[in-house]
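The values are calculated or read from the model by the stated rules, or taken from the named source; none is laboratory data. The shown structure was predicted, so the numbers you read here are calculated from the model rather than taken from an experiment. Because the Cβ atoms are built from the backbone with ideal geometry, glycine has one as well, and the counts that use them run over all protein chains shown. In case anyone asks, the SASA skips ligands and DNA or RNA and just uses the protein heavy atoms, side chains included. Shrake-Rupley method; radii C 1.70, N 1.55, O 1.52, S 1.80 Å.
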Amino acid sequence: MYGMVNKAIEQMVVLEHGEAVWEEILEKSGVDVEVFVSTQGYPDQVTYALVQTAADVLHVSVAEILEAFGVHWVIRTAQEGYGDMMAGGGRTLSEFLVNLPNFHSRVAMIFPHLAPPQFLCGEVTERSVLMHYRSQREGLAPFAVGLFKGLGQMFSTPVTVEHTLQKAAGADHDEFLICW
Ligand code: HEM
């Protein structure tokens, strides 16, 4: 994944736990990188190692780290670093979610080697969207949950997210019911 992902993990840990804790995580992870470059590609394994080690050091589950990272990604990484692009995604939560399947095609103009997630909307009602999520990567569903919650915060429209189909439990892909 692009270095901006690893940088964002670093930023979240430093903000919440301080520089020393990040240094400990980096060292214990075995990742031999001092400074992540946003626009450079790194093996996915680097990201997984950072997340796993952060979970070990902070005594929380990988799922908890990934969900917190999803919220952080929307509020700090995306909104602060790519405000115009986020604003172009929609004026309301519902609009943003309905447009989400196309979102990363714009991201790919800046990051041409992006291996993006695939989103597909199912039923849309006044107060909910059913979202299908497919990825070439494993285990990132909790990240998606955090992203949806972060979008809820961004639009001041708190959401509940129900994980209605779980690839980890043998389903073909992941599906979420996002309600507000
Ligand atoms: C301007 C805002 C955003 C930027 C710049 C961005 C960029 C990226 C980048 C660089 C990756 C790593 C993939 C790679 O390097 O190959 C990624 C992955 C991902 N993004 Fe975004 N993204 C943005 C917003 C969002 C939003 C709003 C969502 C969903 C609500 C989202 C969902 C995901 C997911 C789930 C992944 C994990 C990849 C996977 O599932 O395989 N992103 N994004």
task = Write out the GluC sites (Glu not before Pro) in region 15-123 meeting two conditions: DSSP loop, and at most 13 other Cβ atoms within 10 Å of their Cβ.
result = E34
key: Accessible surface of region 90-131 [probe 1.4 Å, protein heavy atoms]: carbon and sulfur percent   = 55 percent
message = Please enumerate, by chain and number, the lysines with C-alpha under 20 Å from the C-alpha of K7, excluding those fewer than 8 residues away in the same chain.
response = K28
request  = Quick one: net charge around F148, please, counting Lys, Arg +1 and Asp, Glu -1 for every other residue with C-beta under 15 Å from its C-beta.
outcome  = -3
query = P(r) of the chain in 5 Å steps, Cα pairs, percent per bin?
reply = 1, 8, 16, 21, 21, 16, 11, 5, 1, 0
message = Which of rounded, prolate or oblate describes region 90-179 when judged by the alpha-carbon gyration tensor and an a/c cut-off of 1.5?
response = oblate
Per residue, in Å², the accessible surface of the chain once ligands and nucleic acids are set aside, probe 1.4 Å = 53 Å²
ask   = In nm, to one decimal, how far is the V35 label point from the W180 one, both placed 7 Å along Cα→Cβ?
value = 3.9 nm
key: Unit charges at the beta carbon, dipole of region 2-118: most positive-side option, V51, P101, G41   = P101
inquiry  = Can you compute the charge dipole magnitude of the chain about its Cα centre, using +1 on each Lys and Arg Cβ and -1 on each Asp and Glu Cβ, nothing else charged? Give it in debye, rounded to the nearest 20.
reply    = 580 debye
ask   = Between D84 and I110, 0.36 nm times their residue separation minus their Cα-Cα distance comes to what?
value = 8.0 nm
request  = Divide by every residue of the chain the summed helix terms, -39500 (n - 2.57) for each DSSP H run of at least 4, and state the resulting mean residue ellipticity at 222 nm, rounded to the nearest 500 deg cm²/dmol.
outcome  = -15500 deg cm²/dmol
inquiry  = Using the Cα centre of the chain as origin and beta-carbon charges of +1 (Lys, Arg) and -1 (Asp, Glu), tell me which of H17, M85, H72 is placed farthest towards the positive end of the dipole.
reply    = M85
ask   = For the pair S156 and V62, how long in nm is the line joining their label points, each one 7 Å along Cα→Cβ?
value = 3.8 nm
request  = With label points built 7 Å along Cα→Cβ from the Cα atoms of V98 and Q11, find their separation and express it in nm.
outcome  = 3.0 nm
key: Solvent-accessible surface ranking, highest first, for H173, H104 at 1.4 angstrom   = H104, H173
task = Would you kindly state how much longer the chain becomes between E126 and Q166 on full extension, computed as 0.36 nm times their sequence separation minus their alpha carbon distance, in nm to one decimal?
result = 11.9 nm
key: About the Cα centre, charge dipole magnitude for region 90-179 (Lys/Arg +1, Asp/Glu -1 at Cβ), debye   = 300 debye
